[in-house]
Amino acid sequence: MPIVSGAPRTAAPAPETARTREYGLDTLRIGSICGVVAIHVFGYVLGRAPRESRPWWIAVVLDVSWIWVVPVFVMISGALILGSRMAAEQPGLFYRRRAMRLVPAVVAWNLIYLVGVRLWMRGEDLTPQRTLQLLVDGSVFTQLYFLWLIAGLYAVAPVLAGFLRGGGQSRAVKAAAAFLGASLLFYMLPGVLGLFGVASPVRLNFLTHWMPYVGYFLAGYALRNVRLTGTKLTVTAIGTAVIIAGTVWHYGNKGEIRLLDAVVSVSYLGIGVALAALGVFVVTLSLASRLTVKRAGKPLTVLSNATFGVFLVHLVIFEAIRLQFPAVAAGMSIKAMVLAYAATLVGSFAVSAAARQVPLLRSIF
């Protein structure tokens with residue numbers, strides 16, 4: 001199913017003190033990467049277990065409950081990048097720093113998944129035409145479209161930052177609402193047209209993956225300082241949980257209510273998922289603002305900084321596990337998949353954190 005300096009982190013962080021670092025964003029980033037791994041591991045079960053069987057329903061819960069993670073990653077990035085002075089005042093320096101961090105990762109990981117995973121581990125027969133199609137679609141492997149999404153948002157970040165500067169909270173909220181609303185309507189349209197027998201699918205490629213996510217990018221900036229307390233926080237948290245539960249139910253019962261399927265798609269750009277992502281973002285930052293981080297600050301920072309590498313390497317590790325263990329390859333045993341999830345997550349964090357200590361590897365982790 002399957003997210004920008006804030007998504008997994010893709011830019012070298014500026015020096016921060018324990019007082020100024022926003023640990024709420026670190027918490028969101030770590031939680032979200034756990035969700036990304038869950039989506040990819042338990043989503044594997046959904047394509048293999050019989051529909052509506054017990055393993056299938058458990059996988060639905062463990063997968064779809066995390067569907068908000070990609071929008072939240074983009075929002076984290078917006079909060080960090082659009083609020084920085086460099087994006088607005090020094091676009092040249094901004095582009096150089098982001099390119100130095102992102103270009104090596106794009107090249108290296110596309111090669112790793114194309115040659116290492118598809119050709120070597122899976123033994124796929126990739127024709128030149130198929131290879132070109134994967135590259136143009138920006139989908140060499142499941143999660144790699146996100147690198148192109150990041151690149152596009154970086155490209156427009158200085159323009160957006162300049163527009164937002166001096167406009168206050170009102171301008172940011174209005175811009176976020178306009179762009180996000182337009183994207184949600186655009187992605188709703190194919191479903192509505194489908195009710196009338198008209199096929200109008202949305203197709204993106206490596207140049208356009210970023211476009212539907214500008215609204216989330218702006219929303220992260222607009223909501224970065226919102227902190228709820230008391231009844232407002234309680235109501236928002238409960239409402240967010242209800243929306244997530246409703247999304248899980250909707251996915252598990254697709255096809256039963258055609259109008260609901262058409263208007264409220266279970267996707268990153270569906271209305272329900274957008275509301276859930278906004279809710280998770282605000283509620284988490286509100287709760288985290290009450291916490292005092294002392295000794296936990298350093299490990300939290302290490303884990304947060306490792307999330308970009310986790311995002312990129314986890315499917316290599318899961319692929320290795322899948323090929324070695326028949327129960328995982330079958331995708332029918334929830335116990336086997338839970339163990340595979342734990343091994344993939346822990347292994348990915350360990351590899352990423354270790355790689356970040358090696359100068360040559362740090363550039364792609």
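Rounded to the nearest whole Hz, the Karplus-based 3J(HN,Hα) values (6.51 cos²θ - 1.76 cosθ + 1.60, θ = phi - 60°) of the range 150-162 follow the sequence 4, 4, x, 5, 4, 4, 9, 4, x, 5, 5, 4, x, with x at glycine and proline.
Each residue of the range 306-321 was assigned a 3J(HN,Hα) from its phi angle through the Karplus curve 6.51 cos²θ - 1.76 cosθ + 1.60 (θ = phi - 60°); the sequence is 7, 5, 4, x, 4, 4, 7, 8, 4, 7, 5, 5, 5, 4, 5, 5 Hz, with glycine and proline shown as x.
Solvent-accessible surface of the range 176-313, averaged per residue with a 1.4 angstrom probe and all protein chains in place: 50 square angstrom.
The charge dipole of the chain, taken about the Cα centre with unit charges on the Cβ atoms of Lys, Arg (+1) and Asp, Glu (-1), comes to about 980 debye, rounded to the nearest 20.
Between Leu207 and Ala342, the modelled labels are 4.8 nm apart [label points 7 Å from Cα along Cα→Cβ].
Note on the range 257-359: with neighbouring protein chains present and a 1.4 Å probe, carbon and sulfur make up 72 percent of its accessible heavy-atom surface. Of the options (1) 29, 26, 22; (2) 32, 24, 22; (3) 35, 24, 23, only one is semi-axes √(5λ) of the Cα gyration tensor in Å as computed from these coordinates, and that is (1).
Taking a straight Cα-Cα cut-off under 15 Å and skipping sequence neighbours fewer than 8 places away in the same chain, the aspartates and glutamates within cross-link reach of Lys294 are Glu16, Glu22, Asp26. Averaged over its residues, the range 323-365 has an accessible area of 55 Å² per residue, based on protein heavy atoms and a 1.4 Å probe.
Each Cα pair of the range 77-185 feeds into the Kirkwood radius, which the Stokes-Einstein equation turns, at 10 °C and 1.306 mPa s, into a diffusion coefficient of 98 µm²/s.
Taking the 1.4 Å solvent-accessible surface of the range 66-132 as the whole, the part contributed by carbon and sulfur is 64%.
Have a look at His250, Val214, Val61 and report the one farthest towards the positive end of the charge dipole of the chain, computed about the Cα centre with Cβ charges (Lys/Arg +1, Asp/Glu -1). Result: Val214, furthest along the dipole toward the positive end.
The Lys335 and Glu52 beta-carbon pair, evaluated with R₀ = 22 Å, returns a calculated FRET efficiency of approximately 0.65.
Here the range 176-310 is treated with +1 on each Lys and Arg Cβ and -1 on each Asp and Glu Cβ, and its dipole about the Cα centre works out to around 640 debye. With all protein chains in place and a 1.4 Å probe, the accessible surface of the range 171-216 carries 74 percent carbon and sulfur. Under the combined filter of DSSP loop state and at most 16 neighbouring Cβ atoms within 10 Å, the range 186-219 retains these chymotrypsin sites (Phe, Trp or Tyr not before Pro): Phe196. In this simple spin-label model, placing a label point 7 Å from the Cα along the Cα-to-Cβ direction at both Leu287 and Leu189 gives a separation of 3.8 nm. Computed over the range 13-170, relative contact order equals 21 percent, with contacts defined as Cα pairs under 8 Å that lie 6+ residues apart.
Evaluate the charge dipole of the range 37-101 about its Cα centre and quote only its size in Debye, nearest 20, assuming +1 on the Cβ of each Lys and Arg and -1 on the Cβ of each Asp and Glu. I would put it at about 280 debye.
The modelled label-to-label distance between Arg97 and Val242, using points 7 Å beyond Cα along the C-beta direction, is 4.3 nm.
The values are calculated or read from the model by the stated rules, or taken from the named source; none is laboratory data. Bear in mind that the values here come from a model prediction, so they are computed numbers and not experimental data. Cβ: placed from backbone, ideal geometry, glycine included. Neighbour counts: every protein chain shown. These area figures cover heavy atoms from the full protein model, side chains too; ligands, DNA and RNA do not enter into them. Shrake-Rupley method; radii C 1.70, N 1.55, O 1.52, S 1.80 Å.
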